[in-house]
């Protein structure tokens with residue numbers, strides 16, 4: 001008899017119960033139960049959302065950040081609605097990418113980071129590539145992790161936008177030293193202003209005239225010898241002057257008395273200082289005036305001339321000033337000049353022509369004093385070349401070339417750092433006693449340390465100790481100093497035209513509805 005087959009043994013176990021496989025096992029029963037619970041919960045969730053539309057947050061990935069909180073219940077304010085146009089099979093399997101297809105440009109124009117970047121492409125330079133919302137009310141959409149920047153900037157050669165910035169920056173610890181736009185172009189800074197911090201910040205400076213400022217009226221009242229006596233004696237009506245950094249470098253809220261809209265340019269308070277202004281900061285000690293001249297044997301007092309005039313304008317300005325001065329002193333001359341104005345225009349008579357010739361000799365002498373062949377301290381204000389360079393080939397005063405912002409690729413808030421002395425970051429800007437030894441340098445180079453970034457890392461680095469003292473610990477992320485948008489014009493903030501939406505909402509209701 002053949003041996004019994006093992007298969008028969010397995011089959012005999014189910015003798016009389018051949019339909020066993022129709023009965024669910026314990027695992028299968030729990031699968032059905034859990035599926036039923038899921039259907040009930042999903043249906044209840046959908047029903048609650050239908051009955052209470054205001055509670056649409058149930059479908060959200062989380063609450064929006066506080067600036068966007070008004071649209072918590074209105075997904076279509078930011079997300080493009082689903083459409084049956086342009087649907088592809090590949091798109092059906094990438095439904096998770098739909099959340100990147102946003103309409104941020106409705107409110108934020110968002111200029112690109114570099115030329116050629118398309119900020120409207122979802123996931124490829126679009127807003128949501130870096131700005132991730134639905135992470136709570138206190139989440140910041142602009143203070144991003146360094147990884148968003150170093151993904152490209154750690155090896156910029158493999159990405160777009162190379163050539164103008166460092167190509168291998170993986171953290172602030174590897175950041176190269178800061179450079180001005182001129183340094184990036186391989187050029188030295190060509191300063192057109194002669195100015196010494198050491199001289200101006202040393203006690204002993206005096207006002208040259210009869211008050212805090214020296215105006216055109218002061219010039220008329222001051223005898224010729226008085227001016228030279230003030231300059232020679234070095235004693236002003238208020239004694240010696242000691243200038244400080246804040247004497248010239250001021251924020252919006254610290255404009256000196258007498259400042260007007262015409263002389264002060266508003267800027268973001270605390271970020272950068274207001275531009276140095278001659279009328280506010282220099283004129284008190286360096287009035288622009290032609291020295292004393294003689295006319296027909298009589299001594300003419302110094303004549304004020306407007307600042308910011310080029311040599312071709314200087315003669316015309318002095319002509320009118322001297323003509324008015326002479327007419328005030330000798331009314332008989334009024335017959336030679338019909339109507340004194342800004343341009344001297346005497347009558348075409350022999351007497352008028354003679355008067356014009358004499359006056360132009362006086363003007364020529366005054367211009368020669370203000371613009372001599374070489375600078376010399378021999379008159380009121382010591383001439384234009386005391387502070388400026390004259391481009392004799394072009395016949396123009398050279399530009400001062402002192403930018404308000406030296407590093408436009410980054411942002412810096414001076415008010416946040418005012419607890420530290422200015423000289424800590426700008427060596428060589430103190431009085432003569434603390435200035436570097438050596439001959440006086442009037443055309444000072446930019447006052448930045450040999451390694452500015454090393455000075456910054458004293459505070460802006462990981463917390464640690466150095467020589468037993470704590471160092472670092474202050475934030476040092478990329479977005480603390482750099483702004484992503486509009487890399488070609490980084491100083492264009494949110495108020496710039498390039499950042500404005502194409503069509504602002506007509507009403508608050510439209511704005512809040514995300515229309």
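The values are calculated or read from the model by the stated rules, or taken from the named source; none is laboratory data. Here the structure is a predicted model, which means the values were calculated and not measured. No Cβ is skipped: glycine too gets one built from the backbone with ideal geometry, and neighbour counts run over all protein chains shown.
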Can you confirm whether the range 444-454 contains a residue that is part of a loop (DSSP other than H, G, I, E, B), at pLDDT below 75 and under 26 Å from the mean Cα position of the chain (by Cα)?
-> yes
Conditions (1) at pLDDT 85 or above; (2) surrounded by fewer than 16 Cβ atoms within 10 Å (Cβ to Cβ); (3) within 20 Å of residue 100 (Cβ to Cβ); (4) in contact with a helix residue (DSSP H, G or I) (Cβ under 8 Å, 6 or more places away or on another chain) -> residue 147 fails only (4)
Which one of these does residue 120 not meet: (1) modelled with pLDDT under 65; (2) closer than 23 Å to residue 511 by Cα; (3) outside any loop (DSSP other than H, G, I, E, B)?
-> (3)
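When the range 310-327 is examined, which residues are found to be under 12 Å from residue 367 (Cα atoms) and without any contact (Cβ under 8 Å) to a residue 40 or more places away in the chain? Spell out how you get there, then give the answer.
Within the range 310-327, the first condition is being under 12 Å from residue 367 (Cα atoms), and the residues that meet it are 310-319.
Result: 313, 316, 317.
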Which is touching a strand residue (DSSP E or B) at 6+ places or on another chain (Cβ under 9 Å), surrounded by 12 or more Cβ atoms within 10 Å (Cβ to Cβ) and at pLDDT 85 or above, of 459, 478?
-> 459
Which listed residue is over 25 Å from the mean Cα position of the chain (by Cα) and not in a loop (DSSP other than H, G, I, E, B), from 198, 173 | 198
Among the residues of the range 176-193, write down those that are more than 18 Å from residue 461 (Cβ to Cβ) and outside any helix (DSSP H, G or I).
-> 179, 180, 185, 186, 187, 188, 189, 190, 191, 192, 193
Go through the range 256-289 and give me each residue that's within 25 Å of the chain's Cα centre (by Cα) and at pLDDT below 60.
-> 256, 259, 260, 261, 262, 263, 264, 265, 266, 267, 268, 269
Being part of a loop (DSSP other than H, G, I, E, B) and at pLDDT below 70, is that true of even one residue in the range 23-34?
-> no
Looking at (1) within 13 Å of residue 111 (Cβ to Cβ); (2) surrounded by 14 or more Cβ atoms within 10 Å (Cβ to Cβ), find the lone condition where residue 497 falls short.
-> (2)
Between residues in the range 379-398 that are farther than 16 Å from residue 307 by Cα and residues that are at pLDDT 85 or above and surrounded by fewer than 18 Cβ atoms within 10 Å (Cβ to Cβ), which pairs lie under 6 Å by C-beta distance while being six or more apart or on different chains?
-> 391/398; 395/311
Condition met for residue 370 (modelled with pLDDT of 75 or more, on the phi < 0 side of the Ramachandran plot and out of contact with any helix residue (DSSP H, G or I) (no Cβ under 6 Å at 6 or more places or on another chain)) = no
